[in-house]
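Scroll down for the structure; my scribbles are underneath it.
The values are calculated or read from the model by the stated rules, or taken from the named source; none is laboratory data. Owing to the predicted nature of the structure, the values given are computational and were not obtained by experimental measurement. Note that each Cβ is placed from the backbone with ideal geometry, even for glycine, and that neighbours are counted across all protein chains shown. What goes into the accessible areas is simple: the full protein's heavy atoms, side chains included, and nothing from ligands, DNA or RNA. Shrake-Rupley method; radii C 1.70, N 1.55, O 1.52, S 1.80 Å.
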Amino acid sequence: MDSIPVLTIDGPSGAGKGTVAQLLAHRLGYHLLDSGAVYRAAGLHSLNAGADLTDEQSVMASLQSMKAQFKPNPDGVQVLLNGVDVSLDLRTESTASAASKVAAMPHVRASLLDEQRCFRVAPGLVADGRDMGTKVFPDAHLKVFLSASPRVRAGRRAKQLKDKGIHVTLESLIQEIAARDERDSSREHSPLVAAHDALVIDSSDMAASEVVEQILTALQVEAG
Ligand code: DC
């Protein structure tokens, strides 16, 4: 077992993983891995390289020329693709869609494993994603699976979109989220499931700070 501690936080989008992971990394003085950004970088690079996103070989060929750098900053992470800052492009819907297509490809997932494991640097790492505890860091010191009801996640997403001036109905978002959950949980490679030894937290009625406290308490119990 690698002695550098890792704390993994997996779960569906909108469960609050990003916020909780950032707060925890700050409290513990650990490094942070936003693995979604790694998949988004791969999706964006494949898109920019003109790869056919329905063809795994084409995507794999395009990834040969990808040089990604991830630099943490107070807002999350700054991402450079072949020297160009793509932090904003990474958050667009077209990048999210490209990311979800390449994330379903087993060779792509395998090729990004080392990229993600390189983040395990002293004094420790908080890693958030879908398969951090099940696949990337199966020997993590504490695994958390963070969920929330589709209605609550849709409400959080609607608020984020509203802040950007985009208005959508809650019902359509709930349906979208339910469809994505079904796709993510039933895919063949690294599906979204809680690790058997994960601490499962439903954040529907909790503030991010309460989730953080619950995880810190579990860490102390684990260490003691
Ligand atoms: O969390 P996010 O929205 O930034 O993730 C972007 C895409 O990458 C999303 O389709 C899920 C996928 N992903 C994954 O398959 N495995 C991970 N560990 C992280 C993200």
Sorting His196, His26, His141 by accessible area (1.4 Å probe), largest first, what list results?
His196, His26, His141
Dipole-positive endmost among Ala218, Ala179, Leu142 within the range 119-222 (Cβ charges, Cα centre):
Ala179
With DSSP loop assignment and no more than 12 other C-beta atoms within 10 Å, the trypsin sites (Lys or Arg not before Pro) in the range 145-224 are Lys164
When the Cα centres of the range 25-102 and the range 159-184 are compared, how far apart do they sit, in Å?
22
For the range 1-104, the accessible surface attributable to carbon and sulfur atoms (probe 1.4 angstrom, ligands and nucleic acids excluded) amounts in percent to 52
How large is the accessible surface per residue of the chain, computed with a 1.4 Å probe and reported in Å² as a whole number?
52
Could you work out how far apart the two model spin labels at Leu113 and Arg183 are, taking each label as a point 7 Å from the Cα in the direction of the beta carbon, and quote it in nm?
2.5
Using Cα pairs closer than 8 Å and at least 6 residues apart in sequence, work out the relative contact order for the chain, in percent.
32
If the range 117-224 were replaced by its equivalent ellipsoid, with semi-axes equal to the square roots of 5 times the Cα gyration tensor eigenvalues, what would those be, largest first, whole Å?
28, 18, 13
Taking springs between alpha-carbon atoms closer than 10 angstrom, which of Leu199, Leu32, Leu44 fluctuates most in the Gaussian network model of the chain?
Leu199
Just the Kirkwood number for the chain, please: inverse of mean 1/r across all distinct Cα pairs, in Å, one decimal.
18.0
